[in-house]
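This report refers to the structure that appears directly beneath it.
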Amino acid sequence: MRVSPNGIAFVAAREACVTHAYQDGEHFSIGFGHNGPEVKRDQRITVLEAVRLLVDDVRVREPIVNHALKVDVAQHEYDALFSGFYQSGSDLLRDVTAQLNKGDRNEAMAVLVSHNRNAKGDF
């Protein structure tokens, strides 16, 4: 599966667009959470470049989500799972797909929501 245009827009809205490099933990990020060794401290990009980076980042991560899923899901479920993975990482992907793969969509949603916290642990 692939993330839909609506899914990409949702990721973008949750991530926010920052057109200058910013410290994000041990590394620098730019755009919609793009990071890597090529992102430098004083780097600046346009909003269009940020969107392109986001789409590239989404396409690189889709195979990871597809590999974790062993069951069919609806497009909106895939988009939500992907957004959670993009935001929160591999632990969320592992925990949510474990429930989806068992066929428990309700528990998968509960796990997805439980990971939806900020750095302070607030919803």
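The values are calculated or read from the model by the stated rules, or taken from the named source; none is laboratory data. Computed from a predicted structure; not experimentally measured. In this analysis, Cβ positions are derived from the backbone assuming ideal geometry, glycine residues included, and neighbour counts consider all displayed protein chains. For the accessible areas, the whole protein counts, side chains as well, though only heavy atoms, and no ligand, DNA or RNA atoms are used. Shrake-Rupley method; radii C 1.70, N 1.55, O 1.52, S 1.80 Å.
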Taking only protein heavy atoms and a 1.4 Å probe, the highest-to-lowest accessible-area order of 3, 113 is 113, 3
Restricting to Cα pairs under 8 Å and 6 or more apart, the percent relative contact order of the chain works out to 22 percent
Expected unfolding gain across residue 67-residue 18 under the 0.36 nm per residue rule, minus the alpha-carbon gap, is 14.6 nm
The answer for the per residue Cα convex hull volume of region 25-64, in Å³, is 73 Å³
Evaluated at 4 °C and 1.567 mPa s, the Stokes-Einstein D of the chain based on the Kirkwood radius over Cα pairs, in µm²/s, stands at 86 µm²/s
Computed for region 11-88: size of charge dipole around the Cα centre, +1 on C-beta of each Lys and Arg, -1 on C-beta of each Asp and Glu, debye to nearest 20, value 120 debye
So the carbon and sulfur contribution to the accessible area of the chain, 1.4 Å probe, in percent, is 54 percent
Simple spin-label estimate for residue 102/residue 38, 7 Å along Cα→Cβ, in nm, reads 4.1 nm
Once all protein chains are kept in place, residue 72 shows an accessible area at probe 1.4 Å, nearest 10 Å², of 140 Å²
Projected convex hull area of region 1-57, Cα atoms, direction-averaged, in nm², equals 4.0 nm²
Mean-square fluctuation maximum in Gaussian network of the chain, Cα pairs under 10 Å, restricted to 16, 98, 74, hits 74
Stretched fully, the stretch from residue 49 through residue 76 gains (0.36 nm per residue minus C-alpha distance, one decimal, in nm) 7.1 nm
With every protein chain kept in place and a 1.4 Å probe, the chain has an accessible area per residue in Å² of 60 Å²
